[in-house]
């Protein structure tokens, strides 16, 4: 499992889990499962939602207020699924949806990898109208926002949108973190701390 998320569907609550696809395993091996959270174990147990999946590893899962489930993937952008529809299957966005295409590199040898990885996913549900929910995704090339998984995304962090002073970029490999320099920490007893305050 790579991603876990608790999503509500009407009055029901589900735990969703996204799978990891390793190395040269077929991209169809991935997908998601869900488990209804009840006071007792649900009769259906874990439900398989792998039909139509072609995005390899799932990095994040979210949902709109209309009930559409979204999955951030390694190679196919944001897949979408209506779990209430008969014969439900994941829908892949078009290549011209505005999400960044994967640049050439060693990973290019893996078949079917077309779009850049989507490492973060959220739904902006800040308005009163569910029809105005917006999908926000994080990629190696910045943050993008779209009306729905099949529509055109706009690049919110496109350098052209900002003045020259805000166009510099500091990048790190995906497995690294920003950190500050070493810190000096002194632990004082309560009495010493009072004394320091009295003389400060």
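The values are calculated or read from the model by the stated rules, or taken from the named source; none is laboratory data. Keep in mind that what you see is a predicted model, and the values were worked out from it rather than measured. Here the Cβ is made from the backbone with ideal geometry for all residues, glycine too, and neighbour counts use every protein chain on show.
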> Based on what the data block shows, is residue 59 closer than 19 Å to residue 135 by Cβ and surrounded by 17 or more Cβ atoms within 10 Å (Cβ to Cβ)?
Replying inline: yes
> Out of (1) farther than 18 Å from residue 56 by Cβ; (2) at pLDDT below 90; (3) surrounded by 14 or more Cβ atoms within 10 Å (Cβ to Cβ), what's the single condition that is false for residue 132?
Replying inline: (3)
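Yes/no matrix, rows are residues, columns are (1) closer than 17 Å to residue 117 by Cα; (2) without any contact (Cβ under 8 Å) to a residue 40 or more places away in the chain; (3) surrounded by 15 or more Cβ atoms within 10 Å (Cβ to Cβ); (4) in contact with a strand residue (DSSP E or B) (Cβ under 8 Å, 6 or more places away or on another chain):
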{"site": "2", "(1), (2), (3), (4)": "yes, no, yes, yes"}
{"site": "12", "(1), (2), (3), (4)": "no, yes, no, yes"}
{"site": "19", "(1), (2), (3), (4)": "yes, yes, yes, yes"}
{"site": "34", "(1), (2), (3), (4)": "no, no, yes, yes"}
{"site": "45", "(1), (2), (3), (4)": "no, yes, no, yes"}
{"site": "49", "(1), (2), (3), (4)": "no, no, yes, yes"}
> Hey, any hits in the stretch 96-103 for a residue that's surrounded by fewer than 16 Cβ atoms within 10 Å (Cβ to Cβ), in a strand (DSSP E or B) and at pLDDT 90 or above?
Replying inline: no
>> Testing residue 83 on (1) part of a loop (DSSP other than H, G, I, E, B); (2) out of contact with any strand residue (DSSP E or B) (no Cβ under 7 Å at 6 or more places or on another chain); (3) touching a residue at least 40 places away in the same chain (Cβ under 8 Å); (4) surrounded by fewer than 22 Cβ atoms within 10 Å (Cβ to Cβ), one condition comes back false. Which one is that?
In response: (2)
> If we only count strands (runs of 3 or more DSSP E) wholly inside the stretch 1-76, which ones have 1 or more residues that are at pLDDT below 90 and over 17 Å from the mean Cα position of the chain (by Cα)?
Replying inline: 3-9
>> Which of the numbered conditions does residue 82 fail, given that it passes all the others? Conditions: (1) at pLDDT 95 or above; (2) under 24 Å from residue 129 (Cβ atoms).
In response: (1)
> If you scan the stretch 163-190, which residues turn out to be at pLDDT 75 or above and either over 19 Å from residue 139 (Cβ atoms) or surrounded by 10 or more Cβ atoms within 10 Å (Cβ to Cβ) (or both)?
Replying inline: 179, 180, 181, 182, 183, 184, 185, 186, 187, 188, 189, 190
